[in-house]
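Have a look at the structure below, then the notes.
The values are calculated or read from the model by the stated rules, or taken from the named source; none is laboratory data. Bear in mind that the values here come from a model prediction, so they are computed numbers and not experimental data. Cβ placement follows ideal geometry from the backbone for every residue including glycine, while neighbour counts extend to all protein chains displayed.
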Amino acid sequence: MFFSHFVAICVAGVATVGALGALARSDTDPDVATLAGRAADAHASLMRGDIARYRSAIEVTPDFTLMDPFGGQPTGAPASDAHWERIGRFFREGRDARFELIHAYRSADLVVLVANEHAHVAVGSLTAQDWSLRVTLVFRRDNGEWRLAHRHADPLVKGLTLEQAGRITLGRPEGEGNG
């Protein structure tokens with residue numbers, strides 16, 4: 001049962017990539033290069049809490065979805081400037097920000113960037129620490145402009161064991177068993 005579901009998911013993933021288009025390269029595709037540069041600038045700006053510069057680098061679509069690194073229900077675009085400002089205050093003291101592009105895929109009006117984001121930053125109530133996220137950014141061309149339609153991020157750059165993933169899936173803190 002598990003194996004048949006796994007195969008179905010893999011086939012669906014291959015079909016999706018095929019429909020999206022070919023692997024694109026930032027050194028040969030000017031749109032990918034521009035979007036990767038904007039994503040890198042936005043990341044560095046957000047890590048410093050500079051939400052105005054973030055917003056000048058990245059504009060989101062009206063139907064934007066965010067799957068943030070803390071999990072839970074996906075959300076949409078911030079509804080107000082005050083909401084954007086709260087997001088900016090969530091990040092402080094960011095330095096050494098890096099945007100590591102792993103792959104890019106594109107079609108005529110979609111570009112998907114798969115990347116790792118790294119920074120030394122204070123997030124929320126935490127003191128500054130090294131913070132790395134795996135991210136997927138989906139940009140859509142709307143009226144000739146590239147806008148961010150979807151962002152998914154998770155803190156799993158270093159990976160988890162099967163047991164750790166099982167505890168997270170069950171909603172159990174570190175140390176509690178899977179049984």
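Among what's in region 24-39 and is in a helix (DSSP H, G or I) and without any contact (Cβ under 8 Å) to a residue 12 or more places away in the chain, pick the residue that is farthest from the chain's Cα centre (by Cα). Step through it out loud before you land on a result.
Keep residues of region 24-39 that are in a helix (DSSP H, G or I), which gives 30-39.
From the residues that got through so far, the ones that are without any contact (Cβ under 8 Å) to a residue 12 or more places away in the chain too are 30, 33, 37.
Details: Pro30: 21, Ala33: 17, Gly37: 15 Å.
Ranking the candidates gives Pro30 first.
Could you please find all residues in region 108-121 being surrounded by fewer than 18 Cβ atoms within 10 Å (Cβ to Cβ) and at pLDDT 95 or above?
Result: Asp109, Leu110, Val114, Asn116, His120.
Suppose we filter region 76-89 for residues that are surrounded by 12 or more Cβ atoms within 10 Å (Cβ to Cβ) and farther than 14 Å from Ile51 by Cβ; how many remain?
The total comes to 1.
For every residue, the table says whether it meets (1) hydrophobic (A, V, I, L, M, F, W, C); (2) more than 29 Å from Ser26 (Cα to Cα).
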residue: Thr61; (1), (2): no, no
residue: Gly72; (1), (2): no, yes
residue: Arg92; (1), (2): no, yes
residue: Arg95; (1), (2): no, no
residue: His103; (1), (2): no, no
residue: Asp109; (1), (2): no, no
residue: Ala119; (1), (2): yes, no
residue: Ser132; (1), (2): no, no
residue: Arg141; (1), (2): no, no
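What is the one condition in (1) at pLDDT below 95; (2) of a type in the set (Asp, Glu); (3) crowded, with 16+ Cβ neighbours inside 10 Å that Asp68 does not satisfy?
(3)
Kindly indicate whether Glu59 is in contact with a Lys or Arg (Cβ under 7 Å, 6 or more places away or on another chain) and either modelled with pLDDT under 95 or surrounded by fewer than 19 Cβ atoms within 10 Å (Cβ to Cβ) (or both).
yes
Here's the yes/no breakdown for (1) among the charged types (D, E, K, R); (2) modelled with pLDDT under 95; (3) in a helix (DSSP H, G or I):
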position	(1), (2), (3)
Trp131	no, no, no
Val135	no, no, no
Arg151	yes, no, no
Lys158	yes, yes, no
Gln164	no, yes, yes
Ile168	no, yes, yes
Arg172	yes, yes, no
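Of all residues in region 52-101 being of a type in the set (Ser, Thr, Tyr) and part of a strand (DSSP E or B), which is nearest to the chain's Cα centre (by Cα)?
To start, the set of residues in region 52-101 that are of a type in the set (Ser, Thr, Tyr) comprises 54, 56, 61, 65, 75, 80.
In the following step, the residues that additionally are part of a strand (DSSP E or B) were identified as 61, 65, 75.
Numbers: Thr61: 15, Thr65: 11, Thr75: 13 Å.
Filtering first and then ranking leaves Thr65.
Mind counting the residues in region 69-98 that are farther than 23 Å from Asp142 by Cβ and of a type outside the set (A, V, I, L, M)?
17
Restricting to region 145-175, and then to whatever is closer than 23 Å to Gly76 by Cβ and among the small types (Gly, Ala, Ser), can you tell me which residue is surrounded by the most Cβ atoms within 10 Å (Cβ to Cβ)?
Checking each candidate, the answer is Ala149.
Assess whether Ala44 counts as being within 23 Å of Gly144 (Cβ to Cβ), assigned to a helix (DSSP H, G or I) and under 15 Å from the mean Cα position of the chain (by Cα).
Here the answer is no, as Ala44 does not meet what is asked.
Taking the options Ala104, Ala115, Ala122, name whichever one is in contact with a His (Cβ under 9 Å, 6 or more places away or on another chain), small (Gly, Ala, Ser) and outside any loop (DSSP other than H, G, I, E, B).
It is Ala115.
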